[in-house]
Ligand code: NAD
Ligand code: WQD
């Protein structure tokens, strides 16, 4: 199939590209690198052994989005492109609404105009806020606690309303819990700019010596050891779910909303211990005050994804830590954004030129 991957240069998108290419699909990646590096594209070419078609596009710009649909018809679109940091969204709510909502509207409008009818959407467990009980099922109450979460919920609603209005439009709404880990090659992985907000990248940077110690936010939660409990899932398992969701949209011709997690809760200290085992590094930590807005425990009931998609998480916490460590230890500065900013800008120009060539090749695919 021909698939448009919006936000395909990002953390989860790049791993999904690796899996989708491995399944033989032709991909066009669209990204504006607002939170990613053009270097991802070269790494993806090394992993897949195939050209990665790329077009620079900012989903906030309708003309950029329309241009993506000028070439061959897409059998499916996967929409990863969003701003995603909770704290940042509290400081810059308008930027989050502008980027996430206007980008999604433009994409849906362009899909509608082009007759592209299948969408896989990156939603989040954030739509459940602080759930009444765990494990969380898809019919749990939706109540977000921050601007980022509200954009995800509005995006789900926009997509749901479009499905209602156009019975031939199909969407797979995938609610991710806590994606971690990296591709087993160590060539792609998570590379947050600045101080990581999330636990696993912070722990990885402590292990590799970029940060002195982890601050554990709260040791007095009503959990197994007093630290927060989450449902961490391997990004390769998550990536596979996107390919399965596309197959479902094609084969079953129905929309769906599913949780993607392991169904197993893991505490902060359990994750720290597993990472220390996998890396052989000490992870110094201190317990500090709770983080504003945090909740005690959130983990998924993933049984609906298993029933509908035949998907279940296969990789355990040790594999998540091992692969995160392989990525971090072989790329201590990630894709090197800070150190080689100029090189990255130059690389972007090269990728843009390659993308233009790729687009001609992409158009040629359709022609013959
Ligand atoms: P990411 O920031 O690494 O990837 C997002 C990509 O989208 C980046 O490459 C970014 O440059 C691009 N992008 C953002 N706005 C864009 C725009 N206007 N135009 C073009 N490209 C744009 O994030 P990720 O962790 O890979 O997350 C991917 C998706 O999954 C997001 O929608 C996020 O909300 C969702 N999600 C992530 C997590 C998580 O913990 N990482 C959990 C649940 C849901
Ligand atoms: C996990 C646990 C922290 C960092 C967030 C978003 C959510 C989703 C995933 C996109 C918690 C503790 C963390 C640190 C710590 N993203 N922690 N020290 O909070 O479950 O979810 O990312 O949709 O929307 O809210 O993930 O990795 O930030 O935290 O002790 O330096 O680790 O308190 O218990 P969270 P997280």
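A short reminder: the numbers here are calculations on the coordinates, not readings from a lab. Just so you know, these numbers come straight off a predicted model, no measurement behind them. Please note: Cβ atoms are built from the backbone with ideal geometry, for glycine as well, and neighbour counts cover all protein chains shown.
Considering only residues that are within 7 Å of ligand 2 (Cβ to nearest atom) and part of a loop (DSSP other than H, G, I, E, B), which ones fall in region 197-215?
Across region 197-215, the qualifying residues are 197, 198.
Return yes when residue 125 is within 15 Å of ligand 1 (Cβ to nearest atom) and more than 22 Å from residue 169 (Cα to Cα) and no when it is not.
Answer is yes for this residue.
Any chance you could count how many residues in region 216-260 are at negative phi, buried (at least 17 other Cβ atoms within 10 Å of the Cβ) and within 13 Å of ligand 2 (Cβ to nearest atom)?
Residues meeting the conditions: 16.
Filter region 155-196 down to residues that are away from ligand 2 (no atom under 15 Å from the Cβ), farther than 29 Å from residue 273 by Cα and not in a helix (DSSP H, G or I), then give me how many there are.
7
Among (1) more than 17 Å from the chain's Cα centre (by Cα); (2) more than 9 Å from ligand 1 (Cβ to nearest atom), there is one condition residue 60 misses while meeting the rest; what is its number?
In the conditions (1) more than 17 Å from the chain's Cα centre (by Cα); (2) more than 9 Å from ligand 1 (Cβ to nearest atom), residue 60 misses (2) alone.
Filter region 125-150 down to the residues that are over 20 Å from residue 91 (Cα atoms) and not in a loop (DSSP other than H, G, I, E, B), then identify the one that is farthest from ligand 2 (Cβ to nearest atom).
136
Does residue 94 satisfy being within 28 Å of residue 298 (Cβ to Cβ) and either assigned to a loop (DSSP other than H, G, I, E, B) or within 9 Å of ligand 1 (Cβ to nearest atom) (or both)?
no
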